[in-house]
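Chemist: There's a structure below that I have some questions on.
Rule-based calculations on the coordinates, nothing more; no lab input. Nothing here was measured: the structure is a model prediction, and the numbers come from that model. Every residue, glycine among them, receives a Cβ derived from its backbone with ideal geometry; neighbour counts consider all protein chains shown.
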């Protein structure tokens with residue numbers, strides 16, 4: 001569902017007819033907030049251990065501190081879209097933490113939960129100038145290239161792929177797989 005909304009944010013009118021000016025940001029924010037609300041509920045039921053919860057907590061705090069999700073939260077929170085306990089948690093723990101200026105984050109997300117979108121929008125919101133994006137499968141590599149290109153308005157000259165025969169290191173945004181980099185590293189160290 002999240003991918004459909006990200007591709008066409010106008011379909012959010014099925015859930016909410018309010019005319020947000022930044023539909024794509026709001027759609028992604030709802031996606032992140034629902035994931036976080038689910039993680040919060042899992043913590044309340046003691047499904048997440050302390051380490052897993054710490055990862056989520058750092059992730060949410062960083063999103064509110066560094067990105068626009070806090071502003072979007074102010075728009076949607078009064079409508080009670082989320083569990084009241086989760087809303088109270090965000091308002092008392094996350095927003096307060098954001099205002100303190102902490103800048104460390106650990107992101108722990110399972111496969112298929114929006115890692116690529118999170119990286120795309122976080123780097124966009126923070127204004128990151130260079131990115132090395134690593135994925136475990138080539139199919140995800142291609143998707144990541146497309147998502148970054150779309151959201152950051154990148155040209156092909158700004159993006160490089162390091163996989164197979166492609167060795168485009170000299171780009172602003174570089175996409176690769178860890179095994180491609182380690183293979184290059186082994187080859188390079190044996191050549192010298």
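Chemist: Among 33, 118, 134, rank each residue by its count of other Cβ atoms within 10 Å, from fewest to most, as a rough exposure measure.
Modeler: Ascending number of Cβ neighbours within 10 Å: 134, 118, 33.
Chemist: A further question follows. Could you work out how far apart the two model spin labels at residue 88 and residue 136 are, taking each label as a point 7 Å from the Cα in the direction of the beta carbon, and quote it in nm?
Modeler: Spacing of the two 7 Å Cα→Cβ label points: 3.8 nm.
Chemist: Return 46, 147 ranked ascending by Cβ neighbour count within 10 Å, so the fewest neighbours appear first.
Modeler: In increasing order of surrounding Cβ atoms, one gets 46, 147.
Chemist: Report the label-to-label distance for residue 172 and residue 150 in nanometres (one decimal), using points 7 Å from each Cα along the Cα→Cβ vector.
Modeler: 1.9
Chemist: Still on this structure, please answer the following. Relative to the present Cα-Cα distance, how much length would full extension add between residue 71 and residue 49 at 0.36 nm per residue of separation?
Modeler: So the extension gain works out to 4.9 nm.
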